[in-house]
Amino acid sequence: MYKLLLVEDDPGIAEAIREHAAQWELEVCLTEDFRHVMEQFAQVQPHLVLLDIALPFYSGYYWCQEIRKVSNAPVIFISSAADNMNIVLAMNLGADDFIAKPFDMSVLMAKVQALLRRTYDFYTAAPMLEHRGAQLSTADGTLCYAGQKIDLTKNEHRILLCLMQQKGRVVSRERLMERLWETDQYVDDNTLTVNVNRLRKKLNAAGLEGFITTQAGVGYAVR
């Protein structure tokens, strides 16, 4: 059974999510001590985190940053503050998705299930991929190059995996967005740009300048 950590200070919403998740055989642990979220994270070791932005003591942005220091577990923000600025900031801090309140429980669970499936089931049989001396591990979400290990977020890993599987060919933005979110729901196009830019910075810092190229108006390619 997958375990979810729900960091939500509205008890009505929290309980509704827990009850609905149980129907999908998902165990949801509710946060009660909003000062010590990371202690609970370490104890629960969740497969996925649902995180509100406006919380007592520290914001969801703070906790997302703290989680990313120790784990690549998927993080989904759930918040009524769903303007572009907040969505882009959430993705920049390492979130995997952003769902605006109020939301339909079935949509929330579908996104949770898709993210769990991509994270924990999708890559089990995939081989190691290599290009320009860079080796992408499909098991632990890391990239190795010139003796250094580059940690990637789940979304960065999915983007690079998709591009390296099609190396030399342009992969459309639409295809990448389908690969990342596996949903027919609208996803802000900015979120893909944010993830690609963040991935490029990591590649450049490791000495892999120009590893991902852009074809304007179409998509991206690994050259």
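Here are a few things to note about the model shown:
- Apart from one condition, Gln185 fits all of (1) in a helix (DSSP H, G or I); (2) modelled with pLDDT under 85; the exception is (1).
- Unique match (being crowded, with 18+ Cβ neighbours inside 10 Å, outside the structural domain of Asn195 (by TED's automatic domain parsing), among the aliphatic types (A, V, I, L, M) and touching a Gly at 6+ places or on another chain (Cβ under 9 Å)) among Val75, Val49: Val75
- Of the residues making up segment 24-42, those that are without any contact (Cβ under 8 Å) to a residue 60 or more places away in the chain, assigned to a loop (DSSP other than H, G, I, E, B) and not charged (D, E, K, R) number 3.
- Within segment 43-77, the set of residues being of a type in the set (Gly, Ala, Ser) and either over 19 Å from the mean Cα position of the chain (by Cα) or not in a helix (DSSP H, G or I) (or both) comprises Ala54, Ser59, Ser71, Ala73.
- For segment 78-99, a residue qualifies if it is more than 11 Å from the chain's Cα centre (by Cα) and either part of a helix (DSSP H, G or I) or of a type in the set (Phe, Trp, Tyr) (or both), and the qualifying residues are Asn84, Met85, Asn86, Ile87, Val88, Leu89.
- Qualifying residue in segment 7-22 (condition: within 27 Å of Leu152 (Cβ to Cβ), in contact (Cβ under 8 Å) with a residue 40 or more places away in the chain, out of contact with any helix residue (DSSP H, G or I) (no Cβ under 7 Å at 6 or more places or on another chain) and not assigned by TED's automatic domain parsing to the domain that holds Asn190): no
The values are calculated or read from the model by the stated rules, or taken from the named source; none is laboratory data. Predicted model only: the values in this text are computed from it and were never measured. When we count neighbours, we look across all protein chains shown, and the Cβ atoms used for this are built from the backbone with ideal geometry, even at glycine.
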